[in-house]
Amino acid sequence: MNSLSSPFGNAILRDVTLRDGLQLTGKILPTERKVETVRELLRLGVPAIELGSMARADLVPTMANTLEVVQALTADELEKCWIWVATPGHVAKASAAGARNFQYCLSASDSHNKANIGRTTDQSLGTLPEAVDIARSVGGAIQLCIATSFTCPFEGYVPEERVLSIANDPRAAGTTDIVICDTLGQAVPAQVASLVTRVREESPARRIVYHGHDTWGLGVANTLAAIQAGAAMVDGALGGLGGCPFAPGASGNTSSEDLLFATRPGWLNPEVFGELVRLSGKLLEELGEPNRSKAAQGAQSKAAAFEWVMPGL
């Protein structure tokens with residue numbers, strides 16, 4: 001099946017390896033290695049990248065050099081890059097360094113928001129208008145990112161109405177996208193399809209982004225369900241790297257390789273896929289992390305008659 005025959009190929013992949021992917025790793029990637037990874041992903045055709053986070057370095061040490069990465073990239077490169085923020089101050093500092101795309105994150109559950117950001121969800125919403133104003137003042141875009149949209153590690157199930165109330169909160173006016181996050185990877189496709197559909201139909205028109213984890217093995221299935229329900233951008237990390245340090249039970253992100261193999265965007269072909277698998281393997285080896293991508297494993301199999309198998313990987 002080629003890319004043109006895939007019903008999912010119009011969805012944009014955002015690779016989040018350098019932010020969510022690195023949050024739980026024991027090793028810190030040097031600035032130059034992160035910049036090299038951004039440029040290699042862009043060269044291969046990956047349309048969007050989350051390059052880092054403004055989280056406190058004492059809490060998430062692997063994000064300490066995020067602003068240095070921003071400063072090392074060109075304006076054209078930064079147009080395709082996103083940075084995680086949680087306060088207006090974060091947006092101000094990141095924009096001063098050159099960032100123009102911001103993912104303003106809060107949690108649907110107060111317990112996780114307090115653990116992750118140190119305040120209630122309502123307090124995070126209260127400062128969102130200021131963050132929007134700062135982003136607009138530099139010609140930037142800002143997303144409303146809702147973590148724990150399905151389940152919370154402290155409170156359990158999160159009702160759809162809770163997510164919809166945040167999506168419809170007037171303080172979120174001016175956000176360009178809305179990110180629906182299965183932070184713990186505990187949702188199933190029917191739940192993802194239902195929530196994404198309701199957000200699309202019952203909240204202000206914005207691009208819908210889906211961020212999933214593969215904790216329970218449904219990362220790809222949930223992402224495909226999100227795309228069918230209306231998500232236009234989906235998140236993944238190389239090799240399924242990642243997890244949230246403030247969400248007990250959350251394991252790696254859905255693998256970028258698995259999502260690309262499933263969706264077959266027009267820019268992807270077996271040769272480019274092989275280069276991505278090599279890039280992923282080298283990075284994970286440097287970090288001392290396992291490769292959880294099933295597609296990467298398949299690309300290294302002995303099924304030589306299949307065009308997506310790359311000899312010598």
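The values are calculated or read from the model by the stated rules, or taken from the named source; none is laboratory data. What you are looking at is a predicted structure, and each value in this text was computed from that prediction instead of being measured. Cβ placement follows ideal geometry from the backbone for every residue including glycine, while neighbour counts extend to all protein chains displayed.
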Count of the stretch 74-100 residues which are in contact with a helix residue (DSSP H, G or I) (Cβ under 7 Å, 6 or more places away or on another chain) and over 19 Å from residue 145 (Cβ atoms): 3
Subset of the stretch 253-305 (residues that are closer than 23 Å to residue 36 by Cβ, part of a helix (DSSP H, G or I) and of a type in the set (D, E, K, R)): 257, 271, 275, 278, 282, 285, 286
Residues of the stretch 135-160 classified as surrounded by 15 or more Cβ atoms within 10 Å (Cβ to Cβ), among the small types (Gly, Ala, Ser) and part of a helix (DSSP H, G or I), total: 1
Single residue of 231, 190 found to be assigned to a loop (DSSP other than H, G, I, E, B), of a type outside the set (S, T, N, Q) and touching a residue at least 24 places away in the same chain (Cβ under 8 Å): 231
Search result, residues across the stretch 36-67 that are part of a loop (DSSP other than H, G, I, E, B), of a type outside the set (A, V, I, L, M), modelled with pLDDT of 95 or more and on the phi < 0 side of the Ramachandran plot: 47, 65
Members of the stretch 87-134 found to be assigned to a strand (DSSP E or B) and either more than 15 Å from residue 176 (Cβ to Cβ) or hydroxyl-bearing (Ser, Thr, Tyr) (or both), listed by number: 104, 106, 107
Pairs with Cβ under 8 Å, 6+ apart, first in the stretch 270-291 and at negative phi, second of a type in the set (Asp, Glu) and modelled with pLDDT of 95 or more: 273/257; 276/257; 277/257; 279/40; 280/257
Test: residue in the stretch 244-251 that is part of a loop (DSSP other than H, G, I, E, B), modelled with pLDDT of 95 or more and closer than 14 Å to residue 181 by Cβ: no
Complete set of residues in the stretch 59-74 that are polar (S, T, N, Q) and in contact with a Phe, Trp or Tyr (Cβ under 9 Å, 6 or more places away or on another chain): 66
Residues that are in contact with a strand residue (DSSP E or B) (Cβ under 9 Å, 6 or more places away or on another chain), hydrophobic (A, V, I, L, M, F, W, C) and either within 19 Å of residue 238 (Cβ to Cβ) or surrounded by fewer than 22 Cβ atoms within 10 Å (Cβ to Cβ) (or both), drawn from the stretch 204-223: 209, 220
Count - residues of the stretch 27-59 that are of a type in the set (S, T, N, Q) and surrounded by fewer than 16 Cβ atoms within 10 Å (Cβ to Cβ): 0
